[in-house]
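See below for the structure under consideration.
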2 protein chains.
Amino acid sequence: MARPRTHDEALRLKLLDRAGELIAADGPKALSLRKLAADAGTSTTAVYSLFGSKPDLVNALYTEGFRRFGARMARTPLTGDAVEDLVALGRAYRASALADPHLYGIMFTRSIPGFEPNEDAEQLARETLKPLERIIRRAIEDGVFADVPPETVAVGCWGIVHGLVSLELTGNLPEEFDVTESYERALRANAEGWLRPQNSDSNPS
Amino acid sequence: MARPRTHDEALRLKLLDRAGELIAADGPKALSLRKLAADAGTSTTAVYSLFGSKPDLVNALYTEGFRRFGARMARTPLTGDAVEDLVALGRAYRASALADPHLYGIMFTRSIPGFEPNEDAEQLARETLKPLERIIRRAIEDGVFADVPPETVAVGCWGIVHGLVSLELTGNLPEEFDVTESYERALRANAEGWLRPQNSDSNPS
DNA sequence: TGCCAAAAATAACACCGTTGCGATACGCTG
DNA sequence: CAGCGTATCGCAACGGTGTTATTTTTGGCA
C-alpha cells in the first residue's frame, strides 16, 4: 500500500468553514463546489476526495450543526421544574438557531434540495433531543404532567419551538413583533397546557 | 397593434399543473423548465413569455397553494368555542398540507431555493390567516383567553401547527407514532395554555 | 389584404455537479 | 536507501440547469 492517509485535515476544515460562510452570506443556492474550491485555492476534485459528493459535504455541516446545538442544550442549567426547564431548553434551541441560521436550515428545513442526512447523522440528531424526553418522562411519572405518551409531549414541544423558530428565520413573522417575548410566552403556554388539570394554575413555581 | 393577448390560458394551466406534478413526484429539485416545457409539448421560451422566470412560475404555484388553503380554512365550521375552533382550524391546516405537500413546501418551508413570493402573493398569504386572528381576538375580548397581545397568541398557534406539520412532512417524526392523535392533543394543550388561569379546566365543552 | 408587434422556437451562454484521465507525491516494502 | 504502488488532486470534459439574443411564426387590426 501507499499514501493511505494524507487527507489534509486543515483543508477539510477550511472547506467546511468556507462552505458555511457561502451559505450564510448568499443562501443555500450559493454553495457551489466550484466556487468553494476556488476560494480554498484547490480544485473540485479535492472536495470529492475529502467528502465524496456535495450531499456528503452538506452532511458534514449537518453533523457540525448538531454538535453545536447539542453542546448548547447540554449547558443550559435545569431546575427540576418541568415547565421552566422546557422553556429554558426552548430558549437554547432558538439561540442556537439564531447563532447559526444556515446550519439550522440544513438541519431542520431541508434547505439544500438534494440532501438527506445519512444514518450516523440521523442517529446523532436523535441523541441530541434525548434531554427533552427525559424531562418530560420524569414530569409525567411524577404526576406533574398529564398522563399521555411522552413522545406526544416531546413532539408537541419540538413542534412549537421548531415552528416558531422557522417562521422567524424565513421572515414570516409580522413587522414590529416582539419575537423574544412572544416566543417565551408561547413556550410557557404550551408547556402549561400539558400540566395535569388540577395543577394548572399559571405559575406553580 | 397586433396580437395583444393570445397568451394561451390553457397552456398556462397545463404548465402549472405539470409543474406541480413534477415537484410532487420527485421533489423541488426535479422542477426543470426544460423538462416542463418538453412535457407540455412546448419550449422553455413559452414559459418565459407566460410567467417571466422560474421564480415567477413558482410564485403562481405559491398563490394557487394559498387559494386552496384559504378555501379549506373558510369551509371549516366554527362553533364559537375558541379552543375547539383553534383545534378545528389546525386540523384543516394539516389536511391542506397533506393534500398538497409540494405546495406546502413552496408556501412555508422555502423548498425552492431561488424563490421569494412577490408582494401580491405575500398579501394573499396574510389575508388567509385572518380568520385565526379573529377567533383569538374575540376570545381575549370575551375574557376566555388570557390578556396578552392577540398577535402573540396567533403566532403561537401558527407556530405549533406549522412546526408539527413540517416535522411530519420532512419525515422527522419517529416511526410508529400516531400523528393524528398526537397532533390533536398538542393543539388542544397549546390552545388551553392560553386560557385565563381560572378557566383552565381541561374540557370546558 | 397586408402590416406589425406579440409569442414562441432555436441556439447559444454561463454555470452547475460529477467523473475519467493523467500527473503527482507520499508510505510501505525490499 | 531505492522504488513501487496507490491515494490524492488538477485538468478537462459531459450532461444538465436557468436564462437570453436572435430569428421565425402568427394572428388581430388598419
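Quick notes
- Derived scalar couplings ³J(HN,Hα) [the range B:130-135; Karplus, 6.51 cos²θ - 1.76 cosθ + 1.60; whole Hz; x for Gly, Pro]: 4, x, 4, 5, 4, 4
- Whole-number Å³ per residue for the convex hull built on Cα positions in the range A:78-205: 118 Å³
- In order along the range B:90-104, the Karplus-derived 3J(HN,Hα) couplings, from 6.51 cos²θ - 1.76 cosθ + 1.60 at θ = phi - 60°, round to x, 4, 5, 4, 5, 4, 5, 5, 6, 6, 9, x, 5, 5, 4 Hz, and Gly and Pro are given as x.
- Of all chain B residues, the one whose C-beta is nearest the axis that brings B onto A, in angstrom: B:G163, 1
- Distant-in-sequence amide contacts of B:F145, defined by a placed amide H-H separation under 5 Å and a gap of 5 or more residues or a different chain, comprise B:I140, B:R196.
- Placing +1 on the Cβ of every Lys and Arg and -1 on the Cβ of every Asp and Glu, with nothing else charged, gives the protein assembly as shown a dipole about its Cα centre of roughly 1480 debye.
- Using R0 = 22 Å, the C-beta based FRET efficiency linking A:R134 and A:T180 works out to 0.25.
- Listed pairs A:K14/A:K130; B:K14/B:K35; B:K14/B:K54; A:K14/A:K35; A:K54/B:K29; A:K29/B:K54 exceeding 20 Å between Cα atoms: A:K14/A:K130
- Each Lys or Arg adds one and each Asp or Glu subtracts one; over the other residues with Cβ under 14 Å from the Cβ of B:N59, this totals -2.
- Per residue, the average separation of C-alpha pairs within less than 8 Å and at least 6 apart gives chain B a relative contact order of 20 percent.
- Here chain B is scanned for GluC sites (Glu not before Pro) in DSSP loops (not H, G, I, E, B) that have at most 12 other Cβ atoms within 10 Å, and the longest stretch holding none of them is B:1-174.
- Cβ-Cβ FRET estimate between B:Q123 and B:A71, R0 fixed at 22 Å, reported to 0.05: 0.80
- Across peptide A:122-129, the mean count of Cβ atoms from other chains lying within 10 Å of each residue's own Cβ comes to 1.
- The long axis of helix A:54-74 is offset from the longest Cα principal axis of chain A by roughly 40 degrees.
- Relative contact order (%) - the range A:6-59, alpha-carbon pairs under 8 angstrom, separation at least six: 29 percent
- Mean shadow area of the range A:27-119 over all directions, Cα convex hull, nm²: 7.2 nm²
- Each peptide in B:54-61, A:22-29 was scored by the mean count of other Cβ atoms within 10 Å over its residues; highest first, the order is B:54-61, A:22-29.
- A:S32 paired with B:D147, simple spin-label distance in nm, labels 7 Å along Cα-to-beta-carbon: 5.8 nm
- The distance separating the Cα centre of the range A:33-106 from that of the range B:140-182 comes to 25 Å.
- Value of Rg/Rh across the range A:81-143 [Cα atoms, Kirkwood radius]: 1.07
- Tensor-based shape of the protein assembly as shown (alpha-carbon gyration tensor, a/c under 1.5 rounded, otherwise prolate or oblate): oblate
Every number here is computed from the coordinates shown, using simple stated rules; none is lab data. Bear in mind that the values here come from a model prediction, so they are computed numbers and not experimental data. Glycine also receives a Cβ, built like all others from the backbone with ideal geometry; neighbour counts cover every protein chain displayed.
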